Amino acid sequence: MQPDVEPPPAALRRPLRILHFSDIHLKLNLFHMPLHKWFGKRSIGAVNLMSGRGRRFDEAEEKVAALAGFARRQEVDLVICTGDYTALGLEHELERARRVVAPLMRAPSGFVTVPGNHDIYVTDVVRQRRFLRHFADVLVSDLPDLCSDGPWPLVRLIGDRLAVVAVNSARPNPRPWRSNGRIPEAQLQALERILADRRLDGRFVFVITHYAPLLRDGRPDTPLHGMVNGDEFLAACHGLKRGAILCGHVHRRYHVAVDGVAGGLYCAGTATMAGREGFWLFELDHQGGLRALPGEWDGEGYRVLDPQPAAAGA
Ligand SMILES: [Fe+2]
Ligand SMILES: [Fe+2]
């Protein structure tokens, strides 16, 4: 007779659930913008906010609260945000962003993030280390010996099944017509070392960053809006047999195959822009298989749609 064996708790049997959202662009209260900041690139951004595009983020804060409720109901284990929390990266905007996303940071396995270009919109944001200050407690790497550029690349080891590697591709763009990004060389070299590190052996790996190295048609974004060294980034990720790249910046959710990256690239689009709200909900099973469920806003709340076909090799 077989001895009675206690079944493992449900949380151990079920897949790991990961929510990936991006580009919430919380609405800026322009009355909070000091007069001396109404010049240069910020004035262009402010005009943008008052225009039709900015109005489409009017309900961003309420939608983030709804997304936190969705994550709780779905028993999400880990939350990933690929940046663009704000419009202009002002001190009070980042303080508010931190407060608004706090419920999403309480996921059992934590929260991993990178800044978007709007979070470090102009040079003084970087000089004052605003993003790093407001998000300091979640910008801690489990492999600090492999950081090469402040906290980047940041590595989080989740249980024994998953690793998340965050690289920062956002930078200030003082020229109004340019909003492109670039991953510094030191981070790219460190990324290659991390992906070859034994401590990641056996884990599925998400490499996350703000800028999209490829658009949904598999081509690079324009030089003025995209990741200018996307080719080098993709070369550093090449050979990722069990993993995928996650990004934002492009305000449409999509998945595209990537040569040499088994799971391809998932762009979360924007979680809050009226008419385009989207995100990804991933399920990682015990064999390392990844199921990607696209998510959307149905006017009342967030919901998942039919799953994407399983990513090859993922
Ligand atoms: Fe954005
Ligand atoms: Fe962006």
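The values are calculated or read from the model by the stated rules, or taken from the named source; none is laboratory data. Note that this is a predicted model, so its numbers are computed, not measured. All Cβ positions, glycine included, derive from the backbone under ideal geometry; neighbour counts span all protein chains shown. Surface areas here come from the heavy atoms of the whole protein model, side chains and all, with no ligands, DNA or RNA. Shrake-Rupley method; radii C 1.70, N 1.55, O 1.52, S 1.80 Å.
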(message) I'm trying to understand the selection: among the residues of region 108-163, which are under 18 Å from Phe21 (Cβ atoms), open to solvent by less than 10 Å² (accessible area, probe 1.4 Å) and among the charged types (D, E, K, R)?
(response) Asp119
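Results for (1) modelled with pLDDT under 95; (2) within 16 Å of ligand 2 (Cβ to nearest atom), shown as yes or no for each residue.
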| residue | (1), (2) |
| --- | --- |
| Phe39 | yes, no |
| Ser51 | yes, no |
| Glu62 | no, no |
| Cys81 | no, yes |
| His92 | yes, no |
| Ala97 | no, yes |
| Met105 | no, no |
| Gly110 | no, no |
(message) Of everything in region 249-282, what is assigned to a strand (DSSP E or B) and surrounded by fewer than 17 Cβ atoms within 10 Å (Cβ to Cβ)? Give them in sequence order.
(response) Ala257
(message) Going residue by residue through region 206-219, is there one that turns out to be over 21 Å from the mean Cα position of the chain (by Cα) and either more than 16 Å from ligand 1 (Cβ to nearest atom) or part of a loop (DSSP other than H, G, I, E, B) (or both)?
(response) no
